[in-house]
Amino acid sequence: MSVVAVASIVVWAPPVARRLGVWLAPRAARAVSVPLAAQLALTPLLLTLQPGISLFAVAANLIVTPFVVPVTVCGLLAAAIGPWWTGAGDLLMGASGIAAWPIARVAGAVAALPGATAQWPAAPWGLVAASLVVLAAIVATVPQRRVVRRAGALAAIICVVVAVASGLRPVAVLEDWVVVACDVGQGDMLLVRAGASAAVVIDTGPDDDAATGCLTRYGVTQVPLLVLSHPHADHDSATGAVADAVQVSAAWVAAPGEQASAAAALRARGVPVEVPGEGERIVAGDVTVDVLSSRHEDAAAANVNDASIATRLEATGVSVLALGDLEPGAQGEIARRVAPQEVDVVKIAHHGSAAQDAQARWTHHRHRRRHQRGHRQRLWPSGSRGARACTSRAWRRSRSPPPAATSSSRPCRAVASQRRVGGTWEPSAMAARTRSAEPTWHRAAPAPVVLVSGPESLLGQRAIERITATMKGAPVTRLDAGAYSRGALLAAASPSLFDDAGIVVVEGAEAMNDDFLQDALAYVAQPDPAVVVIIRHGGGVRGKKLLDTLRKGGAPEYTCPAVKKDAEIVDFARGEFERGKRPVSAAVVRSLVDAVGSDIAEVAAACQQAHE
């Protein structure tokens, strides 16, 4: 892509500037020609990475032009100087990062504008059409003869018009959502928001265009975890299209589907595919995923529906239960094994059919009231096309009451319908919410191998500091698991003739490379009892084999879950005072949190100042 962009700027931008000079001042024409030529030339390549065409890319590139030179120059100098002069390299990289910050902010702001992305026909016709438009645009700008240029312009217009007739339309990216049940026809697809442009995806449905269209509509470009509940076409046929449309980091499949076409399509695209174990927990961005089922581990299961992966997901203030296509017997088995719980959203098995276990009860408080910062909030479903013609349903926070149902309203496909029972809302199947596991970072203590897990960086830093403070004077060696070199762990954990055994802190294990994974697995099998190795894993599925080995081997794990909800922030602040031997009233804690906000680093600093 860089080669194409540079070539277009060098070769094509000058004639584009000459043609633009008819309508613009010379300097303005030259400024616009560079991003315009590069964007047009790259369009066919960009379509292979994500669907849609950015309508504001040229304007965005013009805005960030002053910052491109310092980013490029500082980055090149850092790469050239850094290996020999680390301090200067760090300073140059810092300067490059500062210059890159406004570029990222502009990109995010432009991407969030209404109609920022236009949908383009899917491959292969979409790629052919885009390539023809680029070729016609070259003919319309480069030749000297006016008649040839006019013919090229006409050809470009014809290609665009044909593409428009094939379905080019502005796509408004919806921002205010947490859980979405996509309308993918007779099938299932569920999005649970894991970040600004990320979502954990449960199944993909049977229709490629419907699946990728749902991802585009809700601004999803990254999928940290794709869960294919079981290998049936109405749940996984669009897997290849989803993997082509967005970046899929990892995938879970049921054992009967481990060798199926959907899993093969993921492997062909370089996506790691695993069969999760019963009780397994993964933190994927802002979403915590727990596996409730066990039958999905049986590759020879007689009933593939009963081998569905059933999961409970905890997102930003919303809990979700996804049951796949479990038959009543398998539902009852989970209900007897799992403690009674409560969730906000239940994805009923078999697309809401009547084949549900009568004894299982998944309690679903659809309109549960919440207290947050002095006012009440509700969760309620909002159809993207209203009650009369709902194509997908997104759950979001709002202080408005739910819309009144009409006689013509209908539920979205693949979303549980509810009935009122006493004071709660219950679908015809059981379940859901348990409190998140209590954080244990404040109990961190030395051991030959220690796992510090969870996405909250401040708590992870606290846990590591607690261990190092316990071993006063011990030398500390720090390693980066993402940039790890083979043998570095063994070398760091082996004391020399002149140094005592110390502490090895491995950061960034959630991005570990294969060399670290192999060395770590070998080391934890026979750790040195005189050395403390701390592995810091921020969450995600990378390194699952190492995490499973540590947990099964009994290595102590200290958790650092995300602290985002109002109640969690208040609990954290209260704990700060209690750990400082300065207990205060609930009113004082409440006032402090209201004054400081939701950043726990600032809350911690405010608590420390109050101690002093």
For region 563-585, enumerate the residues that are out of contact with any Ser or Thr (no Cβ under 9 Å at 6 or more places or on another chain), part of a helix (DSSP H, G or I) and open to solvent by less than 70 Å² (accessible area, probe 1.4 Å). Ala567, Val570, Phe572, Ala573, Gly575, Glu576, Phe577
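Residues are listed down the side, and each one gets a yes or a no for (1) within 15 Å of Val133 (Cβ to Cβ); (2) among the aliphatic types (A, V, I, L, M); (3) at pLDDT 85 or above:
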{"position": "Ser2", "(1), (2), (3)": "no, no, no"}
{"position": "Ala5", "(1), (2), (3)": "no, yes, no"}
{"position": "Leu20", "(1), (2), (3)": "no, yes, yes"}
{"position": "Ala25", "(1), (2), (3)": "no, yes, yes"}
{"position": "Arg30", "(1), (2), (3)": "no, no, yes"}
{"position": "Gln50", "(1), (2), (3)": "no, no, no"}
{"position": "Ile53", "(1), (2), (3)": "yes, yes, no"}
{"position": "Leu62", "(1), (2), (3)": "no, yes, yes"}
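Let's see how each residue does on (1) at pLDDT below 85; (2) under 17 Å from Lys347 (Cα atoms):
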{"site": "Ile157", "(1), (2)": "no, no"}
{"site": "Val164", "(1), (2)": "yes, no"}
{"site": "Glu175", "(1), (2)": "yes, no"}
{"site": "Val180", "(1), (2)": "no, yes"}
{"site": "Ser197", "(1), (2)": "no, no"}
{"site": "Ile202", "(1), (2)": "no, yes"}
{"site": "Thr212", "(1), (2)": "no, no"}
{"site": "Gly219", "(1), (2)": "no, no"}
{"site": "Val248", "(1), (2)": "no, no"}
Only one residue in Arg18, Arg30 is touching a helix residue (DSSP H, G or I) at 6+ places or on another chain (Cβ under 7 Å), open to solvent by 60 Å² or more (accessible area, probe 1.4 Å) and part of a helix (DSSP H, G or I). Which one? Arg30
Would you confirm, using the coordinates I've provided, whether Ser8 is among the polar types (S, T, N, Q) and free of Cβ contacts under 8 Å to residues at least 24 places away in the same chain? no
Pairs, first part of a helix (DSSP H, G or I) in region 60-76, second aromatic (Phe, Trp, Tyr), C-beta under 9 Å, six or more apart: Phe67/Trp101
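For Ala300, state whether it is more than 30 Å from Lys565 (Cβ to Cβ), open to solvent by 40 Å² or more (accessible area, probe 1.4 Å) and at pLDDT 90 or above. Lay out the reasoning, then the answer.
Working: more than 30 Å from Lys565 (Cβ to Cβ): yes; open to solvent by 40 Å² or more (accessible area, probe 1.4 Å): yes; at pLDDT 90 or above: no.
For Ala300, the condition - more than 30 Å from Lys565 (Cβ to Cβ), open to solvent by 40 Å² or more (accessible area, probe 1.4 Å) and at pLDDT 90 or above - is not met.
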Hey, does region 248-266 have a residue that's open to solvent by less than 40 Å² (accessible area, probe 1.4 Å), in contact with a Phe, Trp or Tyr (Cβ under 8 Å, 6 or more places away or on another chain) and in contact (Cβ under 8 Å) with a residue 60 or more places away in the chain? no
So, in region 534-561, of the ones that are in contact with a Gly (Cβ under 7 Å, 6 or more places away or on another chain) and farther than 10 Å from Ala509 by Cα, which residue ends up surrounded by the most Cβ atoms within 10 Å (Cβ to Cβ)? Cys560
May I ask you to list pairs of residues, at least six apart or on different chains, whose Cβ atoms are under 6 Å apart, with the first in region 437-466 being farther than 23 Å from Glu314 by Cβ and the second being part of a loop (DSSP other than H, G, I, E, B)? Pro446/Met471; Ala447/Pro556; Pro448/Pro527; Pro448/Pro529; Val449/Pro527; Val449/Ala555; Val450/Pro556; Arg466/Ala444
Sort out which residues of region 520-529 are surrounded by fewer than 18 Cβ atoms within 10 Å (Cβ to Cβ) and either among the β-branched types (Val, Ile, Thr) or free of Cβ contacts under 8 Å to residues at least 60 places away in the same chain (or both), and write them in order of number. Leu521, Ala522, Ala525, Gln526
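The values are calculated or read from the model by the stated rules, or taken from the named source; none is laboratory data. Every value quoted in this text rests on a predicted model; they were computed, and no experiment measured them. FYI the Cβ positions are ideal-geometry reconstructions off the backbone, even for glycines, and counts take in every protein chain you see. These accessible areas exclude ligands, DNA and RNA; they are computed on the full protein's heavy atoms, side chains included. Shrake-Rupley method; radii C 1.70, N 1.55, O 1.52, S 1.80 Å.
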